[in-house]
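Step one of this worksheet: look at the structure below.
The values are calculated or read from the model by the stated rules, or taken from the named source; none is laboratory data. This one's a predicted model, so the numbers in the text were calculated from it and none came from an experiment. Cβ placement follows ideal geometry from the backbone for every residue including glycine, while neighbour counts extend to all protein chains displayed. Just the protein is used for accessible areas: all its heavy atoms, side chains included, with ligands, DNA and RNA removed. Shrake-Rupley method; radii C 1.70, N 1.55, O 1.52, S 1.80 Å.
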Amino acid sequence: TALALTFPGPVRGDPERFAAHLIATMASGLGGRFFDELRERRSLAYTVHAFATERLLAGMFIAYIATSPPREDEARAGLLAEFGKLRAAPVSAEELSRAQTYTIGAHAIRQQSGASVLADVMDAWQFGRGLDELDEFESRVLVVTPAEIQALAQRSFDAEHVVEGVVRGG
């Protein structure tokens with residue numbers, strides 16, 4: 001079963017978009033809090049991933065988990081519980097620092113592709129504040145605080161406002 005949970009997130013022009021991307025980094029991948037809890041500790045997932053996306057007038061935070069069909073309800077509850085933890089307590093300074101370092105490094109690697117640079121230029125020009133914002137990425141990521149992460153989580157990750165998509169296995 002593939003389950004996607006989608007929450008409202010910051011729009012393209014909102015400075016909170018950097019906090020949303022850091023939450024995604026902290027949640028996803030090897031060593032991410034969602035991955036560690038739901039796959040490594042509880043064996044609920046084949047894979048678990050989270051990401052933020054923003055457009056001019058709308059933003060989303062999406063988490064995806066693939067699990068065995070009999071454990072679908074448990075996986076859903078576990079994913080919602082992980083979002084609840086982000087709402088309940090600030091992330092540690094160490095966890096945030098790791099996410100910031102990773103995000104800045106991944107961005108630098110991404111900038112080695114001409115297509116990625118072109119996409120960033122087009123986004124900044126068409127949807128952002130202009131090309132000047134391209135030079136601000138690292139500084140914007142580095143000023144995000146644990147309190148800002150928690151405040152965004154409290155506003156966005158309300159289980160009453162989640163949109164779900166499910167593809168069930170047989």
- Task: Report the residue count in segment 4-44 for those that are crowded, with 18+ Cβ neighbours inside 10 Å and without any contact (Cβ under 8 Å) to a residue 40 or more places away in the chain.
- Result: 6
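Can you tell me which residues in segment 69-90 are in a helix (DSSP H, G or I), over 16 Å from the mean Cα position of the chain (by Cα) and more than 25 Å from Val167 (Cβ to Cβ)? Lay out the reasoning, then the answer.
The first filter runs over segment 69-90 and keeps only residues in a helix (DSSP H, G or I), leaving 69-88.
Filter once more, so that each one left must be over 16 Å from the mean Cα position of the chain (by Cα): 69-78, 88.
Result: Ala88, single match.
So which of Glu160, Glu94, Glu136, Glu72 is of a type in the set (D, E, K, R) and either within 22 Å of Thr1 (Cβ to Cβ) or touching a residue at least 12 places away in the same chain (Cβ under 8 Å) (or both)?
Details: Glu160 fails: either within 22 Å of Thr1 (Cβ to Cβ) or touching a residue at least 12 places away in the same chain (Cβ under 8 Å) (or both); Glu94 fails: either within 22 Å of Thr1 (Cβ to Cβ) or touching a residue at least 12 places away in the same chain (Cβ under 8 Å) (or both); Glu136 fails: either within 22 Å of Thr1 (Cβ to Cβ) or touching a residue at least 12 places away in the same chain (Cβ under 8 Å) (or both).
After applying the criteria, what remains is Glu72.
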- Item | Filter pass, Thr25 being part of a strand (DSSP E or B) and of a type in the set (S, T, N, Q) | no
- Item | Verdict on Val166 being of a type in the set (A, V, I, L, M) and in a loop (DSSP other than H, G, I, E, B) | no
- Those residues of segment 45-55 which are open to solvent by 40 Å² or more (accessible area, probe 1.4 Å) and assigned to a strand (DSSP E or B), in sequence order: Thr47, His49, Phe51
- Message: out of contact with any Cys (no Cβ under 8 Å at 6 or more places or on another chain), at pLDDT 95 or above and assigned to a helix (DSSP H, G or I): is that true of Ala63 in this structure?
- Response: no
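Scan the helices (runs of 4 or more DSSP H) fully inside segment 91-155 and keep the ones with 2 or more residues being over 21 Å from Leu56 (Cβ atoms), open to solvent by 50 Å² or more (accessible area, probe 1.4 Å) and hydroxyl-bearing (Ser, Thr, Tyr).
Where helices (runs of 4 or more DSSP H) fall fully within segment 91-155 and carry at least 2 residues being over 21 Å from Leu56 (Cβ atoms), open to solvent by 50 Å² or more (accessible area, probe 1.4 Å) and hydroxyl-bearing (Ser, Thr, Tyr), they are 93-110.
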- Does any residue of segment 155-170 turn out to be modelled with pLDDT of 95 or more and touching a helix residue (DSSP H, G or I) at 6+ places or on another chain (Cβ under 6 Å)? yes
